[in-house]
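Every read-out reported here was derived from the displayed coordinates using simple, explicitly stated rules and does not represent laboratory data. Keep in mind it's a predicted model, so treat the numbers as computed, not measured. Please note: Cβ atoms are built from the backbone with ideal geometry, for glycine as well, and neighbour counts cover all protein chains shown.
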Amino acid sequence: VSAALLLMASVATAADPLPSEASPTSISDGSMSMLDGLPWEDLRSKLSPSASLVDVSYADYVMDCLPEFVDYPFWERTSFELINQPSGLCLPNLWCGWDMCYPRPSTNGHSNETFAQFEQDSAMFLSDYYGLDVGNTELFDQANPESFLYDESNPSINLPSKVLFPVTASDVIAAVEFSKVHKVEISIKNSGHHYGGASQKKNTLLLNMNRYTQYSPTGIVDCDVSLLDGFSIAEDLSNQACALSLAKDKSAYVRVGGGENWDKVYRAVQKANKAQEQEGGGYKYHVVGGGAGTVSPLGWTFLAGLSGTTGGRKYGFGADQVLQVEMVLPNGHHVRFGPTEWEDAEGFIVPRTIDVSGMCRSNSEEQDEETWQWGSCPDEFDVDFNDLWFAVRGGGGGTWGVVTSLYLQLHEYEKYERYEVSPAEDCAALGITPSGLWLEFQITYALTPSSIDVTKEHSNACGTGNGNPDYHCYGEEDVEQGWARFLVKKNVTDFPDGACLVKTASDFGWKDFTDFAVAGSEGTRAEGHAGDFPNPWLSMTQTINILIPSAWIEASEDNFKTLLQRFSGPYLAFGGGARTASDQANSVSKAHRDAGGWSILLSADDHDTDAFWGEFFPQMYDISDKTNFPAVFGANHAGSTPSGPRKDNWTEPCPKEWTFEKRSEECISMQESIYGTKLLKRLEAIKEVVDPNYMLDCAYCIGNNRPKAKAVQDDAGVAENEKDGTSSSTPINDGGVSGAFSMGKNQPMIFLVGWIGLLQFQYMLN
């Protein structure tokens, strides 16, 4: 660690803080020591021997987290190093240690700042993102008086002062009970990948789940198909996951702990497959998961879960893979729940959920899971498990309860292939490049397959991420023949042998995505883990995703050409099973289900923003009902600053000259843009029942943008909300960047995302 960082751990910089704005007092505002004076030893005495409760500060963030950004160039950074730091504070987006993932000093959540100021600050600091340098000297030089990041008195610092590393469910229950008594807000973190920084918050007790019990290494269960005849679900739901799995014509699942990431799950599935192979069989299991090993199966799943690289177009979104949920609710009850009644549904590949049942654990202090006792919930328990099942799968993580485990569907293994095009010069001369004909083919194969004589079944077998140069396929597909027909259609006939198509899975012996993911980290600091991408960077606060309806794409050839010419990407994880694998009892928006893809955007451009809201939005979506704004944004990868259009005119973007406060008042919020008005209202109503005191009030989560009453001081000096009596506050931060739509001249910048993926993969192999 550099001497500058060591110095910063104990000495404040000479930076003059900027003028601050007045703000109401609340538990989420003010000094980081607001939780001092509470009887923390009472909580510590109830924890399991392996759990730990630690005091943390801004100095820990500097010591533990900044070295990864300062000492290593972009390509060498890894979130695996950040996850395992002792403070539990590190985040893959460095700026998310400050309010709104924006380090400019402010005492009221940047309500008086404009996007123009944010844009100016970003331009100064974000050369790290584009240039991939070791570090930006203006950002990391502590002698620079304008450096917001090295000012420990910066009121925008958004870090908790207490971190609990639970190991058992009883540790989580103890924390929730303590928080109920002392009106302490809880934040929950697994890997911290939320682009808006929702996983931790100042003046909260942070539950860092990274050391929680791992289940996946021994959690793969094969269900006995013979039980289908006369099979009934046990009262304690111990066989419910198998019952539902068998009803979906699947015969296995994996239990995942509340602190696991996809790296741990992928390696568990890979190990199980290789064990089957060593015994004379072949690979047996396939899991639908995220593209990065450091992403959590929990937060990813609860925000729909895009799986372009792991078969989502065939098997459904991440939210569709859940069989059973186990969590500790804000009322202190440890529950498990899942569907217990279902029926076949025409047009869908999974049954429709009719009823969901749940159980409560009666011996909450028992740490040994073998002795847990599950039974009916007490009479005063007022949470509807049907509502909870609906809310958690699509309605986001960190706000409904603390998840201790998920039971996820495993699919029968099917042959895996990964395609990309050769970088040879003679291929590039023909226009066969990742951002040229190959990208157009990927989009054609996924969205208009009949135009190259590809069936929908073969089309749905393949997918990819946002503009990525690789194409991942499972089972029967038609990529090689479809590619040849596509080239003929494009009048490209004089191509080298193999048509510049490379089958990397076959060439490297990767039999499943898990093999590719683990192999991709060889020779890097993340070696032995599933691939870690994107690498840690400063901020993704401007990220916004436009869901592009498949019906609009298919409506005319002109629309398809517009998609190719004016939209970035797109992310090909939609259609097929992503539409038909729904149990029709989840909160994944209709826009997600009906999308053909999405365009992931990293920057605002005035012309392009006007073009989207003014020209394309009315074409793509029905906006005739002015009481019901339609869902239009994707949930995964949503940043902290974007918003929808103006409330008084949905065809005009939210002006970036407005302050964030004015944006939150006069523009459609990010949440409403993700869920739509009606779905958001239903989720907010469920939140009021599940967590009426907002013990869990993470940024950009359901209910977080509710109107806040001014807080007052009680006799003990603790801020209490006049409206609902809970310790809770939220900065005015749900407005933000005008709809960041990138077309035309911004196209090359967006393709950088896909190119980063290609360059990283090549870097890993070299």
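Summing +1 for each Lys or Arg and -1 for each Asp or Glu among the other residues whose beta-carbon sits under 11 angstrom from that of LEU679 gives +2. The slack between PHE495 and LEU564, meaning 0.36 nm per residue of separation minus the straight C-alpha distance, is 22.5 nm. Summarising the label geometry, the points placed 7 Å from Cα in the beta-carbon direction at GLU425 and PHE231 lie 6.0 nm from one another. Net charge in the neighbourhood of ALA292 (other residues with Cβ under 10 Å of its Cβ; Lys, Arg +1, Asp, Glu -1) is -2. Normalised by the number of residues in region 413-507, the mean separation of alpha-carbon contacts (under 8 Å, six or more apart) gives a relative contact order of 43 percent. Taking the average, over residues, of other Cβ atoms within 10 Å as the packing measure, peptides 307-320, 366-379, 446-459 rank 307-320, 446-459, 366-379 from highest down. Backbone amide hydrogens, once placed in the peptide plane, bring ALA581 within less than 5 Å of ILE349, excluding anything fewer than 5 places away on its chain. If the cut-off is 24 Å between C-alpha atoms, which lysines fall inside it for LYS284, apart from same-chain ones fewer than 8 positions away? By straight Cα distance, LYS284 reaches LYS248, LYS250, LYS264, LYS271, LYS274, LYS314, LYS415, LYS503, LYS511. Positive-end ranking of VAL254, THR213, VAL295 along the dipole of region 185-340, with charges on Cβ about the Cα centre, is headed by VAL295.
The fraction of Cα-Cα pairs per 10 angstrom bin, counted from 0 for region 170-319, comes to 10, 30, 33, 19, 6, 1 percent, rounded to whole percents. Cross-link partners of LYS46 among lysines, defined as those whose alpha carbon lies under 17 angstrom from its own and excluding same-chain residues fewer than eight positions apart: LYS162, LYS180. The spread of Cα positions in region 261-410, taken along each principal axis and listed from longest to shortest, comes to 51, 41, 27 Å. In this Cβ point-charge picture (+1 for Lys and Arg, -1 for Asp and Glu), region 454-516 has a dipole of about 280 debye about its Cα centre. Taking a straight line from the alpha carbon of LYS626, these aspartates and glutamates sit under 16 Å away, with near neighbours fewer than eight places off in the same chain left out: ASP648, GLU652, GLU666, GLU672. Modelled spin labels at GLU343 and ASN649, positioned 7 Å past Cα toward Cβ, are 4.9 nm from each other. Computed on region 207-252, with alpha-carbon pairs under 8 angstrom and 6+ residues apart, the relative contact order is 39 percent. Checking every one of the chymotrypsin sites (Phe, Trp or Tyr not before Pro) in region 376-434 against DSSP loop status and a limit of 16 other Cβ atoms within 10 Å picks out PHE381.
Derived scalar couplings between HN and Hα for region 489-497 equal 4, 8, 6, 10, 10, 8, 10, x, 4 Hz in order, rounded to whole Hz, by the Karplus curve 6.51 cos²θ - 1.76 cosθ + 1.60 (θ = phi - 60°), x for Gly and Pro. Working note: Karplus 6.51/-1.76/1.60 with θ = phi - 60° gives region 236-249 the couplings 8, 6, 5, 10, 4, 4, 5, 4, 5, 4, 5, 5, 8, 6 Hz, where Gly and Pro are set to x. Diffusion coefficient of region 530-669 by Stokes-Einstein, Kirkwood radius over Cα pairs, 20 °C, 1.002 mPa s: 132 µm²/s. If R0 is taken as 41 Å, the Cβ-Cβ distance between GLU277 and ARG352 corresponds to a FRET efficiency of 0.65. As a ratio to 2.2 N^0.38 Å, the alpha-carbon radius of gyration computed for region 440-510 takes the value 1.08. What does the charge count around LEU237 come to, taking other residues whose C-beta lies under 15 Å from its C-beta (Lys +1, Arg +1, Asp -1, Glu -1)? Cβ neighbours under 15 Å give a net charge of -3. A DSSP coil position with no more than 16 other Cβ atoms inside 10 Å describes the following trypsin sites (Lys or Arg not before Pro) in region 483-514: LYS490. Taken about its Cα centre, region 26-112 carries a charge dipole of about 180 debye when Lys and Arg each add +1 at the Cβ and Asp and Glu each add -1 at the Cβ.
Annotation: peptides 253-266, 58-71, 336-349, ranked by per-residue average of other Cβ atoms within 10 Å with the highest first, follow the order 253-266, 58-71, 336-349.
As a calculated quantity, the FRET efficiency between GLU522 and ASP625 at R0 = 60 Å, using C-beta atoms, amounts to about 0.65.
The stretch between GLU365 and ASP382, if pulled fully straight at 0.36 nm per residue, gains 3.9 nm over its current Cα-Cα span. Between GLN120 and SER50, the simple spin-label model (points 7 angstrom out along Cα→Cβ) gives 5.2 nm.
Going by a ≥ b ≥ c, the root eigenvalues of the Cα gyration tensor, does region 483-565 fall in the rounded group (a/c under 1.5), the prolate group (a/b larger than b/c) or the oblate group? The shape class here is oblate. On a per residue basis, the convex hull of the C-alpha atoms belonging to region 322-391 measures out at 106 Å³.
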